[in-house]
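Structure first, commentary second.
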Amino acid sequence: MCSEWSVRDVVAHLVVPLEVGIPKFALAMLACRGNFDRANVRLAREQARRPFTELIEVLRHKADSRFTPPGMGPEAPLTDLLVHGLDIRWPLGLSRDVPEERSRTVLTFLTASSVGGLVPKGALDGLRFEADDVAWASGSGPAVRGSAEALSLAVTGRTAALGHLSGDGVPTLRSRLA
């Protein structure tokens, strides 16, 4: 995701897998010389030109979609929704009760899987992550502690959450994300 994305851009990004078929995504990949991230940004920007109310209606209408990216399970779209929901809510100071099981699933997916593009390469190496609001921990080494939301943001490279974390591992994580 681009750091300069607006709320509309984030919503448009969430709409892409619901509205853009594999053939169109493949064409975007070709146009972007095989770069998935650039193709994704290109398609999100295209979707962002739609009226905001229309984007919201797509999300509502297709909330029961069972789409999963090729080669990935249901943890991928769940993670996308929760992390991008935080991208929107965190700066606005809006809270939401996320069931603990979903928070644990997302944190486990982000820290235990090969999730290229979601977690900055090497950022988590040699650190232990511990949620203080749900029963979850992963890794070994100096600890990084915080809420499941703050950990989800930090693990995916969002530096806005770093001030909400504690533990001996925070300076290392901060330097890796800088």
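The values are calculated or read from the model by the stated rules, or taken from the named source; none is laboratory data. All values derive from a computational prediction rather than experimental measurement. Positions of Cβ are backbone-derived with ideal geometry, glycine not excepted, and every protein chain shown enters the neighbour counts.
Is it the case that region 50-68 has a residue that's among the small types (G, A, S), out of contact with any Asp or Glu (no Cβ under 9 Å at 6 or more places or on another chain) and not in a loop (DSSP other than H, G, I, E, B)?
As a first pass, look at region 50-68 and keep what is among the small types (G, A, S): 63, 65.
Pick out the ones that are also out of contact with any Asp or Glu (no Cβ under 9 Å at 6 or more places or on another chain) and you get 63, 65.
When the remaining residues are screened for being not in a loop (DSSP other than H, G, I, E, B), the result is none.
Checked against the condition, which is being among the small types (G, A, S), out of contact with any Asp or Glu (no Cβ under 9 Å at 6 or more places or on another chain) and not in a loop (DSSP other than H, G, I, E, B), region 50-68 yields no hits at all.
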Would you mention how many residues in region 83-133 are part of a loop (DSSP other than H, G, I, E, B), closer than 16 Å to G167 by Cβ and not charged (D, E, K, R)?
4
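Identify the residue in region 1-19 that is of a type in the set (A, V, I, L, M) and surrounded by 18 or more Cβ atoms within 10 Å (Cβ to Cβ) and, among all such residues, is nearest to R45 (Cα to Cα).
We begin by selecting, within region 1-19, every residue of a type in the set (A, V, I, L, M); these are 1, 7, 10-12, 14-16, 18.
Subset that is surrounded by 18 or more Cβ atoms within 10 Å (Cβ to Cβ): 1, 10-12, 14-16.
Working: M1: 11, V10: 9, V11: 10, A12: 7, L14: 11, V15: 11, V16: 10 Å.
Here the residue is A12.
Just wondering, is there one or more residues in region 61-76 that are among the aliphatic types (A, V, I, L, M), free of Cβ contacts under 8 Å to residues at least 12 places away in the same chain, loosely packed, with under 15 Cβ neighbours inside 10 Å and more than 25 Å from S6 (Cβ to Cβ)? Let's see the steps before the verdict.
In the first step, residues of region 61-76 are kept if they are among the aliphatic types (A, V, I, L, M); the result is 63, 72, 76.
Among the residues that remain, those that are also free of Cβ contacts under 8 Å to residues at least 12 places away in the same chain are: 63, 72.
So of that shortlist, the ones also loosely packed, with under 15 Cβ neighbours inside 10 Å come out as 63, 72.
Filter once more, so that each one left must be more than 25 Å from S6 (Cβ to Cβ): 72.
Yes - at least one qualifying residue is present in region 61-76.
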From (1) within 16 Å of L151 (Cβ to Cβ); (2) at pLDDT below 90; (3) surrounded by 15 or more Cβ atoms within 10 Å (Cβ to Cβ), pick out the condition that doesn't hold for R89.
(3)
Out of all the residues in region 47-60, which are closer than 23 Å to L78 by Cα and either surrounded by 11 or more Cβ atoms within 10 Å (Cβ to Cβ) or acidic (D, E) (or both)?
Q47, A48, F52, E54, L55, I56, E57, V58, L59
Only one of (1) within 20 Å of the chain's Cα centre (by Cα); (2) at pLDDT below 95 is not met by G146, so which one is it?
(2)
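Return yes or no: is D133 in contact with a Ser or Thr (Cβ under 6 Å, 6 or more places away or on another chain) and either loosely packed, with under 15 Cβ neighbours inside 10 Å or assigned by TED's automatic domain parsing to the domain that holds E4 (or both)? Lay out the reasoning, then the answer.
Values: in contact with a Ser or Thr (Cβ under 6 Å, 6 or more places away or on another chain): yes; either loosely packed, with under 15 Cβ neighbours inside 10 Å or assigned by TED's automatic domain parsing to the domain that holds E4 (or both): yes.
For D133, the condition - in contact with a Ser or Thr (Cβ under 6 Å, 6 or more places away or on another chain) and either loosely packed, with under 15 Cβ neighbours inside 10 Å or assigned by TED's automatic domain parsing to the domain that holds E4 (or both) - is met.
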Scanning region 95-123 for residues that are modelled with pLDDT under 90 and not charged (D, E, K, R) gives S95, A112, S113, S114, V115, G116, G117, L118, V119, P120, G122, A123
Return the total of residues in region 139-178 being touching a Gly at 6+ places or on another chain (Cβ under 7 Å), polar (S, T, N, Q) and either surrounded by 21 or more Cβ atoms within 10 Å (Cβ to Cβ) or in a helix (DSSP H, G or I) (or both).
0
